[in-house]
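Visitor: Let me give you the structure first, and then I'll get to my questions.
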Amino acid sequence: MDDNNELKSHVKGHLAYDLMKYVVVGIVGWSAYAIGANSPAIQQALQRYSAGVIGASVGISSFLAFRLGSRSRRRPIFPALECDFWIESKKIDFVYESSTSIRYSRKYRLRALRDVESFSDRYSWTGTRINRMLCADNQFDLKLTRKKNLFQHFEVRFNRTVKKGTIVDVQINWELDDSNRQMTPFISALIDAPTDSLMMSVTLPPQLGVEKVVHEVSHSHGAPRGFSSNVVKLELGKDVWSIPNPKLLHLYEVRWTLDPNQSNEHASNTSTKTA
């Protein structure tokens, strides 16, 4: 499937460099052999031109090796990821119910890559508190596991063995509170498993004074320079960003700026991170 395209593009530079080395060795070896051939005409021709051919080949391959080497240093190659699921779709929905109350949800459609009994993910919420977090399917159990840096990990237990190739739908809902107005306004998703479709939706009421959002793709949170960045105008207070085949180990972010001219009730900073 298409999830291997990114890795293939990364290793092409290394393959081209190795191929060039073999070409140079072949030219040098062929020339050395041909110079010792019995034909005086071949010997004369090769003696006249072989040094130039070898020199040009070495020069060209050295230049290409330098260029490919410098590019590969800026195109990191990661080892293969161990994944329990292929994510057919991931939908993130962030909705202001009021200036301090937010409804947040994630919907996953998962295809098991092996026999599994649970699904794991993580989140980070820097607002005042989480009033409620639950799994929409009451046949599944939701459990918070370890906390690593800013992220709280969680596990959805299916209470049965999900066989390889089986499709599972999982939805997690959060009721979030930001009474202290301490968040930063953005949502994001890191693609750490093969994913066919990512959709990120933000609903902002008119009283917040937000007219546009920024869609950005980068390699990490807080990256000084993203891969791409686009400003998008809201339509009726809502933004929906659909990304087909998001790239593995890329971070997709939607952020906005609250109008400083609004009253203190609405000019609060808001934030959530997802991965």
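The values are calculated or read from the model by the stated rules, or taken from the named source; none is laboratory data. What you see is a predicted model; the values in this text were computed from it and never measured. As a convention, Cβ positions derive from the backbone with ideal geometry for all residues, glycine included, and neighbour counts pool all protein chains shown.
Visitor: Restricting to the stretch 85-115, and then to whatever is part of a strand (DSSP E or B) and free of Cβ contacts under 8 Å to residues at least 60 places away in the same chain, can you tell me which residue is surrounded by the fewest Cβ atoms within 10 Å (Cβ to Cβ)?
Guide: This residue is ARG111.
Visitor: Going through the stretch 207-222 one residue at a time, which ones are surrounded by 13 or more Cβ atoms within 10 Å (Cβ to Cβ) and not in a strand (DSSP E or B)?
Guide: Listed by number, the residues that qualify are GLN207, LEU208, GLY209, VAL210, GLU211, HIS219, HIS221.
Visitor: Let me ask something additional. I'd like to know if the stretch 169-184 contains one or more residues that are at pLDDT 95 or above, buried (at least 18 other Cβ atoms within 10 Å of the Cβ) and over 22 Å from TRP241 (Cβ atoms).
Guide: No, the stretch 169-184 has no match at all.
Visitor: Identify, please: which residue in the stretch 134-168 is within 21 Å of the chain's Cα centre (by Cα) and in contact (Cβ under 8 Å) with a residue 24 or more places away in the chain and is, among those, surrounded by the fewest Cβ atoms within 10 Å (Cβ to Cβ)?
Guide: The qualifying residue surrounded by the fewest Cβ atoms within 10 Å (Cβ to Cβ) is LYS148.
Visitor: Can you tell me how many residues in the stretch 223-259 are part of a strand (DSSP E or B) and of a type in the set (S, T, N, Q)?
Guide: Number of matching residues: 4.
Visitor: Just checking, does the stretch 187-199 include any residue being over 18 Å from PRO246 (Cα atoms) and either in contact with a Phe, Trp or Tyr (Cβ under 8 Å, 6 or more places away or on another chain) or without any contact (Cβ under 8 Å) to a residue 60 or more places away in the chain (or both)?
Guide: no
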